[in-house]
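Report on the following structure.
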Amino acid sequence: MKLRTILASLAVALLGCAQAQPSNDVLLQMQEAFRQGNKARLAQLLPQAQGHALEPWAAYWELRARLDTASPQEIQQFLARYAGTYQEDRLRNDWLQMLGQRRDWATFAQEYPRYRMNDDREVRCYALLVQAQANPNTIPAVAEEVRRTWLAQREADDGCTLAAASLIGKSGPRGVTAADAWRKARQAVENNRPRAAAAALEMVNPEALPLLNELNASPAKFLNSRVFAASRVRREMVGLALIKMATSDIDGAARQLESKWGPQVHPEERDWIWGVIGRQAAQRLMPEANGYFSRVERDRHLNDDLLAWKVRAALRAGNKPDWRNILEAINAMSDEGKADPAWTYWKARALLGVTPSEANRAEAEKLLTTIASPKGFYEQLALEDLGQKITVPAKPAPLTDDEKKAARQDPGLNRALFAISLGLRSEGTREWNYTTNLHKPGGMTDRELLAAAQFACDREVWDRCINTSERTKAEFDFEQRYPTPFREQVVRRSREISLDPAYVYGLIRQESRFVTDARSHVGASGLMQVMPATARWTANKIGLRNFTVDQLNERDTNIAIGTGYLKLVLDDFAGSMPMAAAAYNAGPSRPRAWRNGPVLEGAAWAENVPFTETRDYVKKVLANTTFYAAMITGQPQSLKARLGLVAPRELSQPAPNTELP
C-alpha cells in the first residue's frame, strides 16, 4: 500500500526532526488497553509513547480512561500541553459532558467558550441551560433551540432532557411546551424508546407513568378496558396506546381510532395518530397507506418525518401517484424539510401532475433549476427533467503550490494519515474530520478542502479523499469525488462477466470508499463488502477453487467474488439496477417482496424502499453509477434509463433463484 511507504516522512513532518520514534506497537497496545478499560496498562505504557508522532492519542486514552477521578489540574495540564489538537478538544468535550452530569455549572461556564467542535447535542443543551440561568432574557431564544434539539433526538440524554424539563412552559408557544412533551412521548412510543417516553411524560404528568407501563405491555388490553377519555391526560394516553398498537396491528389501531376513540380525542391528536398509522402501513408497502394518510385533516399537525412518509405512500397510490396528497404534504413541511432535494424534486413533479398550468410549469422549472446538478440522485433527475443529460463538469482551477504545501504541512492531517496507516482508522478518521470541518469556525474553505482531499488522494486514502472533496460547496473536482483506483482489475473483471464497470465502481464507492480492508459491523469485508457466507457460496458458483474467508481482503479475490455475486443478483432481477442494488445491500428476498404492487418508475420505487439504509444506498449507487459512466465513456448519461420501471415479476419470467444468499 502506498501509504505505508510514507510513515517515516509523516512522522518527521509531525515531529519537525528526524529523531528516533518510539515503537508504533506501543500505540496499538494502548488503543487495545483503552478499549478494554485497562487503566493500569495505559499508565504503564504512556511513558513509552512520549515523543511519538501520535503521543496526543496516547495521552488522551490514558486520561480519558480515568477522567471521572482526574483532578481539574491534570485536565488543564493536558489541555495546555496539547492545545490546538483534536485530542485537546475531544477531552474538553468529554469533560464538559461530565461537568453537566455533575451539575458543576460554574466550571462548565468557564470551559465551554473554549470548546471548538460544537457538534455534541448534549453539551449544547447543557450550555443553553447555563445561558438561560445566567441571563433570563435569553430564555425565549434558548428554549426554541432546546425544543428543536430535544425533539430531533431519538434517544433520551441527560443534557437535553434536563434543559427541556427546566424550560418547559417558561417561554411561550415557540419554546418547550406541554404539547411538545406529549409529542416527544408519541415519537418515543412509536420507536420503542420507553426511557425517552417516560422522561417526556414525567415533565407533564408523572402520575401517568404507571399507565405508560400498562399500555406498553398490552395496548389492546389497555384500550379495551377503557370507555371514555375525558381529560387531556386520558386522551393522550389513549393516543399513545393506539400508536403502540399501530406498530404491530395497523388495521386494529385504525378500527379503534375510527369506531371508538376518534370522536373523543383532540383533532391534533387524531391527525397525529392517523399519520402514525399511515407511516406504519407505508413502511410495510400496504396499499391502504395513502388512504390512512388521507384521513389527516390538517397536515400541519404532522412533523416532517410523517409528512415524508405521506409523500412516499402517495407515490405508490394505484395506477398513478396521488399528486394532490404529495403537494399538500410537502407544502406543510418546515422550511428545512422543503429544502431537501427529494421533496424539492417531488414537489416540482406534483405541480406538473396535479394541474398542468403555465404557472405550475414555471414554478416546477424554477424548483428543478435550484437543485439540478450531476452531484446526487435527485439533482441528476432534475437535470433530466430539464432536458439535460449527466455530463462531467469542468475541473476547478489547479491547486497552487502554496495550497498543496499548506495541506501537506497541516499537523492534524498528517497525524490523521499516520494513525490510519498504523491501523488506527477510527482515530485517524475522526482527527481528519475534525481538522477539515471543525477546527476553525465554518471549517475549511473550498480551496483548502480540495487541497486536503488531494493530499489524501495522493496517499491513496480514498475515503478521506472522497468525503473531503464532497464537502466543497462551489468547487467540484470529479476526479477526487469519483476516483477509479484498481481500474485495470475492475474494468477487466466487469467486462469478462458482462457487467457495466460504472455500476461496479458506483457500488464500491458506496460500500467501502475503496478501502481494501474495510469491515462492517455485521462482518462484511473488503472493497465490495462481501459477507463470509455469501463469499463461500459465490466462490463455489464462479469456480474459485480453494477459497478461504481470510482471502476476502485481497483486492483481486474480493473483486472477483463481489462482481460475481452482483452479476448473479442482477440477472435474477432481469437487469434492474435499482432492485439488484437493494438486493446487494439487504438480501434478494426483500426486493422480491418490495417490487410487488403497482408498476412504479424507478425513482418512486427507490424512495419507497422501507429501510432507511437501503433506500439511501440504492439512490447513491445509481447516482454514482451514472456519473462514473459519464467519466468512463466520455458520453452524456441518463439516470432515468438506469432506473427504468419496477413491477411485479411476470409469470413468463424465470422463477427467482432462491439459492441466492
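Here is how the numbers come out for the structure above:
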quantity: Residue 456 being crowded, with 19+ Cβ neighbours inside 10 Å, aliphatic (A, V, I, L, M), in contact (Cβ under 8 Å) with a residue 24 or more places away in the chain and touching a helix residue (DSSP H, G or I) at 6+ places or on another chain (Cβ under 9 Å); calculated: yes
quantity: Condition met for residue 572 (within 19 Å of residue 650 (Cα to Cα), over 27 Å from the mean Cα position of the chain (by Cα) and acidic (Asp, Glu)); calculated: yes
quantity: Breaking point among (1) in a helix (DSSP H, G or I); (2) of a type outside the set (Phe, Trp, Tyr); (3) open to solvent by less than 50 Å² (accessible area, probe 1.4 Å), for residue 575; calculated: (1)
quantity: Filter result for the condition that a residue is polar (S, T, N, Q) and under 25 Å from residue 649 (Cα atoms), over 563, 516; calculated: 563
quantity: Region 233-267, residues that are open to solvent by 40 Å² or more (accessible area, probe 1.4 Å), under 21 Å from residue 179 (Cα atoms) and of a type in the set (D, E, K, R); calculated: 234, 235
quantity: Filter result for residue 472 (of a type in the set (S, T, N, Q), assigned to a loop (DSSP other than H, G, I, E, B) and either at positive phi or touching a residue at least 24 places away in the same chain (Cβ under 8 Å) (or both)); calculated: yes
quantity: Residue within region 406-414 that is closer than 23 Å to residue 120 by Cα, touching a residue at least 60 places away in the same chain (Cβ under 8 Å), among the small types (Gly, Ala, Ser) and in a helix (DSSP H, G or I) present; calculated: yes
quantity: Failed item in (1) open to solvent by less than 10 Å² (accessible area, probe 1.4 Å); (2) β-branched (Val, Ile, Thr); (3) within 22 Å of the chain's Cα centre (by Cα), with residue 646 passing the rest; calculated: (3)
quantity: Residue in region 221-232 that is farthest from residue 200 (Cα to Cα), counting only those that are open to solvent by 40 Å² or more (accessible area, probe 1.4 Å) and assigned to a helix (DSSP H, G or I); calculated: 224
quantity: Hits in region 48-80 (condition: over 35 Å from the mean Cα position of the chain (by Cα) and farther than 17 Å from residue 107 by Cα); calculated: 48, 49, 50, 51
quantity: The one condition in (1) surrounded by 14 or more Cβ atoms within 10 Å (Cβ to Cβ); (2) within 27 Å of residue 593 (Cα to Cα) that residue 344 fails to fulfil; calculated: (2)
quantity: Condition check for residue 175: in a loop (DSSP other than H, G, I, E, B) and in contact with a Leu (Cβ under 8 Å, 6 or more places away or on another chain); calculated: yes
quantity: Any chance residue 590 is open to solvent by 60 Å² or more (accessible area, probe 1.4 Å), of a type in the set (Lys, Arg) and part of a helix (DSSP H, G or I); calculated: yes
quantity: Some residue of region 537-549 being among the β-branched types (Val, Ile, Thr), under 30 Å from residue 464 (Cβ atoms), part of a helix (DSSP H, G or I) and modelled with pLDDT under 95; calculated: yes
quantity: Count of residues meeting criterion [touching a residue at least 60 places away in the same chain (Cβ under 8 Å), surrounded by fewer than 24 Cβ atoms within 10 Å (Cβ to Cβ) and either of a type in the set (Val, Ile, Thr) or part of a helix (DSSP H, G or I) (or both)] in region 281-291; calculated: 1
quantity: Selection status of residue 520, of a type in the set (Ser, Thr, Tyr), touching a strand residue (DSSP E or B) at 6+ places or on another chain (Cβ under 7 Å) and modelled with pLDDT under 95; calculated: no
quantity: Enumeration of residues in region 135-163 that are of a type in the set (Gly, Ala, Ser), more than 25 Å from the chain's Cα centre (by Cα) and surrounded by 20 or more Cβ atoms within 10 Å (Cβ to Cβ); calculated: 143, 163
quantity: Filter result for residue 369 (surrounded by fewer than 19 Cβ atoms within 10 Å (Cβ to Cβ) and touching a strand residue (DSSP E or B) at 6+ places or on another chain (Cβ under 9 Å)); calculated: no
quantity: Of all residues in region 193-220 being assigned to a helix (DSSP H, G or I) and among the polar types (S, T, N, Q), the one that is surrounded by the fewest Cβ atoms within 10 Å (Cβ to Cβ); calculated: 213
quantity: Neighbours by Cβ (under 9 Å, 6+ apart or cross-chain): first from region 347-369, among the β-branched types (Val, Ile, Thr); second in a helix (DSSP H, G or I) and open to solvent by 70 Å² or more (accessible area, probe 1.4 Å); calculated: 354/324
quantity: Region 519-536, subset free of Cβ contacts under 8 Å to residues at least 24 places away in the same chain and part of a loop (DSSP other than H, G, I, E, B), residue surrounded by the fewest Cβ atoms within 10 Å (Cβ to Cβ); calculated: 521
quantity: Residue 634 closer than 30 Å to residue 306 by Cα and either at pLDDT 95 or above or surrounded by fewer than 22 Cβ atoms within 10 Å (Cβ to Cβ) (or both); calculated: no
quantity: Number of positions in region 333-380 that are in contact with a Lys or Arg (Cβ under 7 Å, 6 or more places away or on another chain) and within 18 Å of residue 644 (Cα to Cα); calculated: 1
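The values are calculated or read from the model by the stated rules, or taken from the named source; none is laboratory data. Bear in mind the structure is a predicted one, so any value in this text is a computation, not a measurement. Neighbour counts run over all protein chains shown; Cβ positions are idealised from the backbone, glycine included. The protein model used for the area step is the full one, side chains on, heavy atoms only, and it has no ligands, DNA or RNA in it. Shrake-Rupley method; radii C 1.70, N 1.55, O 1.52, S 1.80 Å.
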